[in-house]
Amino acid sequence: LMVALPSVTLGQSAPSPAPGANPIVRDRFTADPAPLVIGDRLYLYVGHDEAGPGEMFNMRDWRVYSTTDMKTWTDHGAIMHVHDFKWAKKDAWAAQAIAKHGKYWFYAAVEHDDTHPGKAIGVAVSDSPTGPFVDAKGSALITNGMTPKGDHSWEDIDPTVFTDDDGTTWIAWGNRQAYIARLKPNMIEIDGDITEITPPHFEEGPWLHKRGDLYYLTYASLDRSTHENERVSYATAPSIRGPWTYRGELTGSARNSFTIHPGIAQFRSNWYLFLHHAGLRIGDREGALGRRAVTVEYLRYNPDGTMKPVVQTDA
Ligand code: FUB
């Protein structure tokens, strides 16, 4: 006998409406959302998708939007162009900003020039969350060859930065392998070892956050045996140094963008999960792998600290 079960797994909460209309930005294609809360305002750093026919990605600058109510958004424009990193060739890929020492630090993945072929991570700085940001180091913070494994040229992407209660800022990143390292107080140098922390099915897009006593490593996961799109999965730990315990999937498969790229923030009393999909159409331009749209959903926790499943909504 087959019994039709509700699509929501028992013990999990039903999907709840998104906090505002999705996608957040409708007049251009945006990707790789990275929230940063400063006082009563949430800033959202995004990549800017401009892929044309036959192009996988075409990303040249980063933009920032902000909100005070999660419904209406202010467009602060482009905050940095990929060529503002003089050593970068192209590809303004995923980034995250963090506040420290009264400044705003912006960590971003790009394609390095031919002196260090492959993806690399740069760091830029500004006095304002809305920029303009300038290269803080004059060279890459992380380049090919620095990591313990380093088996492919696009490994050093998708930086996430997190300041622990003791004031130490950590950076995690990676593609197929996830790495973590401490940043020096100057924010522009790695301090000590780079450690591999790859959780199950890790693909890319790590995001570090803490709630209560628990540390979370949330990421885009890919089960290579299923040929599905990325999902969001996560692990938790009692300390930023681990050990990390895999907690399973947070979302279903990305609808149509292949990538999904999580970003998490607490704003006022709620927690939010930012993602992207490829469901936006602008004029005759359809959404695609390289024409994405950032979205936001409520993020809720169980009493044991695990996160309730999130369904990506359209509105
Ligand atoms: O946006 C370019 C790349 O696609 C990012 O670095 C990945 O996380 C994926 O979203």
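Quick note: the coordinates plus some simple rules give every number you see, no bench work behind them. Keep in mind it's a predicted model, so treat the numbers as computed, not measured. No Cβ is skipped: glycine too gets one built from the backbone with ideal geometry, and neighbour counts run over all protein chains shown.
Structure values in brief
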quantity	calculated
Trypsin sites (Lys or Arg not before Pro) lying in DSSP loop within region 256-291, provided at most 15 other Cβ fall within 10 Å	268, 281
Cα-based Rg of region 214-315 normalised by 2.2 N^0.38 Å, two decimals	1.15
Cβ-defined net charge surrounding residue 163, 14 Å radius [Lys, Arg +1; Asp, Glu -1]	+1
Simple spin-label estimate for residue 266 and residue 286 in nanometres, 7 Å along Cα-Cβ	4.3
Cα pair distances of the chain binned at 20 Å [whole percent]	34, 60, 5, 0
Simple Cβ-charge dipole of region 263-315, Lys/Arg +1 and Asp/Glu -1, about Cα centre, in debye nearest 20	100
Set of lysines with alpha-carbon distance to residue 308 below 27 Å, sequence-local pairs under 8 removed	71, 210
Cα lying deepest toward the dipole's positive end in the chain, options 138, 262, 309, charges on Cβ	309
Volume of the Cα convex hull of region 95-183, divided per residue and given in Å³	90
Net +/- balance of residues flanking residue 47 in space, Cβ distance below 12 Å, scoring K and R +1, D and E -1	-1
Lys, Arg +1 and Asp, Glu -1 on Cβ, resulting dipole of the chain about Cα centre, debye, nearest 20	560
Order of 276, 209 under a 10 Å beta carbon neighbour criterion, fewest first	209, 276
Kirkwood hydrodynamic radius over Cα pairs of region 168-230, then Stokes diffusion coefficient at 20 °C and 1.002 mPa s, in µm²/s	167
Taking 38, 188 and counting other C-beta atoms within 10 Å, the order from fewest to most	38, 188
Separation of the residue 225 and residue 127 label points, Cα + 7 Å toward Cβ, nm	5.7
